[in-house]
Each structure stands twice: as structure tokens, then as C-alpha cells.
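Notes for the one structure printed next.
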Amino acid sequence: MECKRCLSLLGEYKDGELDTETTSMLKSHLEACPLCLAELRSINALSEIIASVKSPPVPDGFEDNVIRAMSKSAPRFSFIPSFMPVFFHRPVMALSALALLLAGGFFYSRQNSPPEESYAQLLISDAELRDFDGEVMDIFYGDI
Amino acid sequence: MEEKEFVERLKRGDENAYREFMALYKDAVYRIIYSFSGMASEIDDIAQDVFIAVFRKIHKFRLDSSLSTWLYRVTINKCKDYLRKRRTATVELNDSIISPRPDIPERLLNEARGKALLATLSAKFRSVVILREIEGMSYDDIARTLKIPLGRVKIMLFRARKQMKEAALNGM
Ligand SMILES: [Zn+2]
């Protein structure tokens, strides 16, 4: 295996994503090539540094808070009578309640429609993909 | 537990199922939010939002992906929404760049470096790095979570690592 190929695969090697054949080819290259081995060490070190980012602990009662927040903001229509003017005649009241329900339902469904989950912005263009090999060359061979 | 059965319980609004689900995943959700935003101050709110969004939309969930994959996707989207609203977050992250000082334990120093390095990445690269390096996901799972092709996961990780390495060499 050439250095260029080895260097482009080191991340996948470290992540255990290579098939056995490629892994053993890469391993034997690493035994003979201090340059690639040094690069592997730096990838490992980087990985260790990122993995050391630890979040603060989840507070006690987190589940309770979520359940409470959900029941607070859930669409519950029992609130409607409480602010309906008492002098409304029943049919009017029923109609208004229906209108409110519809409006509320509409609002609710809009408010809760899923956010844009398309990861279109994550996509790398085909042109970028084509550049990839060239880039690997530049990264590792630019200053050799 | 059978995932299908569990999803059914969530769809029925079974409060115990909600609690079990949160108990199982809250740590991961916190880790992702924190490493994404670098800030402790609003994790609680974002994490709450994540679970509420998942429970509210559970009726739309189909078993063609796993529940955890879906949860991670929602979490990352919430983080991105949040950062979009608060562009200053990255500035705060960059403040944590520190030079070695003997009174800071190595662990904390590494953590500060880790946050600073993550902050150098765009949101899309950061997502991939966090799922890989902090959550230990396989490339396949990352691809499923972010709905991107496997090849792109490889390229994005490669580039993100290259970028972080350069940042590290430039004194981070
Ligand atoms: Zn080599």
C-alpha cells in the first residue's frame, strides 16, 4: 500500500470501518512507515481530545420537568369554557368553541409541524467529491 | 424490549414509556447538545425541547429507522436551530481556547481544547464528529442519522479531522 492510500484510510482504520483485507494491508504498511504511523497517532490524540468533552450532569427530576412541560403546553380544550363569556347562548357558545377548536387545532398542527429535517445543507457537491482525491494528495504531499 | 412494542406505548402516550425513554437517552442527548453548543446554560431547555418534540411527533415515526437514530436527528436539528438563533455561541466556544497552565488538570485542559476544536468546525462537520467521537457511532449509523450517503460520512470525517488538526497545529 502506498502512503497516499494509507493516509486517506487512517481515520476509517482508527474507527474500525475497514474490511479485514484492507486492515491487514494498512497494518503492514504502518509497521514499515513511521510517517503514516505518526499520522495515526495524531488522529488518535485528536480523537481522545474530542472525546474528553463531557457535558454537565442531567439534573434530577429531568423527566418530571419534561412531563410537566408537555402537559402544560399540550392542546387541552378544557380551557375554552373558562374564558367563554357566561352570557353566550348555548348554540353560540358551541359554535365559538368549535371555531376555537379548529383554530387551535390548526395552530397546534402548524406549530408542531416538524422542523426542516432535510440535511440538504450537509451534502457535499459532486464537484467536491471529485476534488477529494486531489485534496488528499495536497494535504499529505504538499510539504514533503 | 421489542422496539415496535415500545414505540406503540409511546404512541399511546404512556407516561411510563416516556420516562423509560428519557432515562435511557437523556445522557446522550445532553452530551450531544453540550458538545454541539459548548454552553452549559441552556442545555436543560434544549434537551426538554428535544424530548417534547419526539413525543409529540411520535405518531409520525415509522419503524424504518430506529428510535434512537430518530432521536439523535431531532437533537442535532434542535442544536442547529438553537445556534441559528444565537450566532454568538461560537464566539463563546472560542473563548475557551487556553494555553497550557500547570494549575489546570490535563483532563480539563483536554476538554477545553476539545470544545475549541469542535468550535472550529461548521455545524455539519461538527455533527459528524460528535456522533463519531463522542457517541461512538458507526459510519452506517451516522449516515442513517443524518440522512446522508455513507461516502459522505467518510469524506466529512476526513475533512473535519484535517481541519481540526490544522487548528491544533496553529496553537490550539
Ligand atoms: Zn506511509
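The values are calculated or read from the model by the stated rules, or taken from the named source; none is laboratory data. Keep in mind it's a predicted model, so treat the numbers as computed, not measured. Glycine also receives a Cβ, built like all others from the backbone with ideal geometry; neighbour counts cover every protein chain displayed. Heavy atoms of the whole protein, side chains included, go into the accessibility calculation; ligands, DNA and RNA do not. Shrake-Rupley method; radii C 1.70, N 1.55, O 1.52, S 1.80 Å.
Volume per residue of the convex hull around the Cα atoms, evaluated for chain B, comes out as 125 Å³. Estimated at 0.36 nm per residue, the fully extended path between B:Glu2 and B:Asp27 surpasses their Cα-Cα distance by 6.8 nm. Taken over the alpha carbons of the stretch A:3-52 as equal point scatterers, the Debye sum produces base-10 log I(q)/I(0) values at 0.17, 0.31 Å⁻¹ of -0.47, -1.23. As a ratio to 2.2 N^0.38 Å, the alpha-carbon radius of gyration computed for the stretch A:22-75 takes the value 2.32.
Quick one: of A:Lys4/B:Lys165; B:Lys4/B:Lys124; A:Lys4/A:Lys54; A:Lys4/B:Lys80; B:Lys60/B:Lys154; B:Lys26/B:Lys115, which pairs are farther than 23 Å apart, Cα to Cα? Can you show the working numbers first?
Values: A:Lys4/B:Lys165 18 Å; B:Lys4/B:Lys124 31 Å; A:Lys4/A:Lys54 34 Å; A:Lys4/B:Lys80 35 Å; B:Lys60/B:Lys154 30 Å; B:Lys26/B:Lys115 20 Å.
From A:Lys4/B:Lys165; B:Lys4/B:Lys124; A:Lys4/A:Lys54; A:Lys4/B:Lys80; B:Lys60/B:Lys154; B:Lys26/B:Lys115, over 23 Å: B:Lys4/B:Lys124; A:Lys4/A:Lys54; A:Lys4/B:Lys80; B:Lys60/B:Lys154.
Pairing chain A with chain B buries about 5200 Å² of accessible area. This figure sums both sides and uses a 1.4 Å probe. With contacts taken as Cα pairs under 8 Å and at least 6 residues apart, chain B reaches a relative contact order of 23 percent. In nm, give the distance between the simple-model label positions of B:His59 and B:Lys162, each being 7 Å from the Cα along the Cα-to-Cβ direction. So the label points at B:His59 and B:Lys162 sit 4.8 nm apart. By the helix-only formula, in which each DSSP H run with n ≥ 4 contributes -39500 (n - 2.57) and the sum is divided by residues, chain B has a 222 nm mean residue ellipticity of -22500 deg cm²/dmol.
Calculated accessible area for the stretch B:1-90 comes out at 46 Å² per residue, all protein chains present (probe 1.4 Å; ligands, DNA, RNA ignored). Normalising the Debye intensity of the stretch B:1-90 to I(0), with uniform scatterers on Cα atoms only, and taking log10 at q = 0.22 Å⁻¹ returns -1.05.
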